[in-house]
Amino acid sequence: MKKFFWQLIGVIMLVPVLFLVGCGQSETQELRRVDTAMGTVVQQTVYVMGKNDRKNSLTGDILELIRKLEEETLSWRLETSETFQINTYAGSGKWVELSKELSQILEQCQKLTEDSGGAFDVALGPVARLWDIDSWAAGQRTGSFQVPGEQELTDALIQSGMGQVQIQFLPGEECADIYLEDGAALDFGAVGKGLALDEISNYLESDGHITGAVVSVGGSVLTYGEKPDGTAWRVGIADPGDPSVNMGILTLTGQWYISTSGDYERYVESGGVRYHHILDPGTGYPADSGLSSVTVLAENGLLSDGLSTACYVLGRERGMALAQLYGAEALFVEKDGEIYMTPGIEDLFRPVD
């Protein structure tokens with residue numbers, strides 16, 4: 001049995017299409033759009049005030065930003081992406097110059113790997129390819145799913161991890177050089193959707209007519225600015241036991257980056273066992289930390305996405321310590337349904353009756 005829950009976080013918004021606000025009664029238009037990108041659902045609601053020649057293309061521009069990020073930078077599948085090209089040099093003995101964008105991404109990822117004790121790792125490509133949970137969960141593969149053998153996993157683990165990657169920043173240079181050992185492969189699946197939120201945030205800030213927006217890319221959500229009626233953003237957190245409903249609501253004002261990682265998102269079942277997509281870099285198996293999901297609110301999308309993965313792998317106590325190290329807020333749902341959260345999120349979260 002294969003299942004793929006694309007919609008992880010729901011955004012609750014009940015607003016009319018056209019508003020009159022401010023002293024000059026300037027019109028604020030609401031733009032809505034639902035598409036797919038990065039293999040997941042992208043939902044947009046954008047509020048635009050006054051005259052803006054680009055407002056009819058705004059949501060299309062945002063979607064194009066996401067697709068461009070995947071196609072040109074992050075994808076390990078597409079030959080057009082920088083990540084794909086870097087992976088082809090693994091074992092060649094050559095150092096490869098990174099773009100400024102990917103240099104900055106890898107620098108932050110490397111720090112998170114160190115701070116999490118290896119629970120987060122963007123060089124887990126060989127292990128991820130061996131399981132290939134995403135393809136099975138999406139129904140892209142047929143036949144019977146087979147759990148990888150112990151020797152296969154051992155071999156894949158030897159080739160995986162940031163220990164198989166060297167990154168060198170030259171003094172005064174913004175771009176780094178990278179070297180991959182034989183068989184190593186980068187995979188930015190654990191931060192890709194968060195990075196998309198960062199791109200979207202920069203875009204929204206560049207347009208002086210955009211007063212507010214909420215954009216979800218799968219399990220990662222960005223809230224920006226404010227709604228025309230002044231009410232708060234309401235972001236629903238899925239119930240791991242039944243992801244079609246929300247277990248609680250986050251009430252937020254202003255700009256937030258929210259990401260959820262859970263064992264219900266992408267998985268395949270075999271022999272009555274659920275094998276989910278969040279892999280433990282230490283064992284090579286789907287993480288078994290006693291958690292069903294983790295939701296993180298952080299200062300940027302890369303951190304919210306990366307921390308949600310790392311905290312899930314680490315479990316509640318160590319995950320909470322990591323979140324607080326980064327000044328992030330986190331909500332943990334254990335397999336028995338118990339909810340734990342950092343102090344800063346308590347006033348933002350309300351359970352659904």
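In percent, how large is the relative contact order of the range 62-164, given Cα pairs closer than 8 Å and 6 or more residues apart?
19
Rounded if a/c is under 1.5, else prolate if a/b beats b/c, else oblate: with a ≥ b ≥ c from the C-alpha gyration tensor eigenvalues square-rooted, which is the range 100-145?
Note, shape of the range 100-145 comes out prolate.
Karplus couplings for the range 174-185 from phi (6.51 cos²θ - 1.76 cosθ + 1.60, θ = phi - 60°), rounded to Hz, Gly and Pro as x?
Coupling constants for the range 174-185: 8, 9, 10, 9, 10, 9, 10, 5, 4, x, 5, 7 Hz.
Give me the mean projected area, in nm² to one decimal, of the convex hull enclosing the Cα positions of the range 223-353.
8.7
What number does the range 137-178 give for Rg over Rh if you use C-alpha atoms and the Kirkwood radius?
1.28
What net charge do the residues around GLY337 carry, taking every other residue with its C-beta under 14 Å from that of GLY337, with Lys and Arg at +1 and Asp and Glu at -1?
-4
Can you check what the net charge comes to around PHE349, using other residues whose Cβ is under 13 Å from the Cβ of PHE349 (Lys, Arg +1; Asp, Glu -1)?
Its environment carries a net charge of -1.
Report the Rg/Rh value for the range 113-213, based on alpha-carbon coordinates and the Kirkwood definition of Rh.
Rg/Rh: 1.10.
Per DSSP helix of 4 or more residues, -39500 (n - 2.57); summed, then divided by the residues of the chain. What does that give at 222 nm, rounded to the nearest 500?
Value at 222 nm, helices only, nearest 500: -8000 deg cm²/dmol.
I'd like the distance between the alpha-carbon centres of the range 52-104 and the range 208-244, rounded to an integer number of Å.
Computed from Cα coordinates, the inter-centre distance equals 25 Å.
Write down, largest first, the equivalent ellipsoid semi-axes of the range 148-278 in whole Å, where each equals the square root of 5 times an eigenvalue of the alpha-carbon gyration tensor.
Equivalent ellipsoid of the range 148-278: 35, 27, 8 Å, largest first.
Could you go through the range 232-249 in sequence order and give the Karplus-derived ³J(HN,Hα) for each residue, using 6.51 cos²θ - 1.76 cosθ + 1.60 with θ = phi - 60°, rounded to whole Hz, and x for Gly and Pro?
6, 6, 10, 10, x, 9, 5, 7, x, x, 8, x, 6, 10, 8, 8, x, 10
Of the heavy-atom accessible surface of the range 191-281 (probe 1.4 angstrom), what whole percent is carbon and sulfur?
C and S atoms contribute 43 percent here.
So if we plug the beta-carbon distance of TYR285 and ASP61 into 1/(1 + (r/R0)^6) with R0 = 35 Å, what FRET efficiency do we get, rounded to 0.05?
Numbers: r = 41 Å, r/R0 = 1.16.
In this case the efficiency is close to 0.30.
GNM, the chain, Cα, under 10 Å: largest mean-square fluctuation among VAL147, VAL48, VAL217?
Greatest mean-square fluctuation among the candidates belongs to VAL147.
How long are the three semi-axes of the equivalent ellipsoid of the chain, in whole Å, if each is the root of 5 times an eigenvalue of the C-alpha gyration tensor, listed from largest down? Mind showing how you got there, number by number?
Values: eigenvalues 226, 124, 70 Å².
For the chain, the ellipsoid semi-axes come out as 34, 25, 19 Å.
Which value in Å does the Kirkwood hydrodynamic radius of the range 35-148 take, with 1/r averaged over all unlike C-alpha pairs and then inverted?
17.4 Å is the Kirkwood radius here.
May I ask you to derive the relative contact order of the chain, considering only C-alpha pairs under 8 Å and at least 6 residues apart, and to give it as an integer percent?
So the answer I get is 20 percent.
The values are calculated or read from the model by the stated rules, or taken from the named source; none is laboratory data. Here the structure is a predicted model, which means the values were calculated and not measured. All Cβ positions, even for glycine, are placed from backbone atoms using ideal geometry, and neighbour counts span all protein chains on display. Heavy atoms of the whole protein, side chains included, go into the accessibility calculation; ligands, DNA and RNA do not. Shrake-Rupley method; radii C 1.70, N 1.55, O 1.52, S 1.80 Å.
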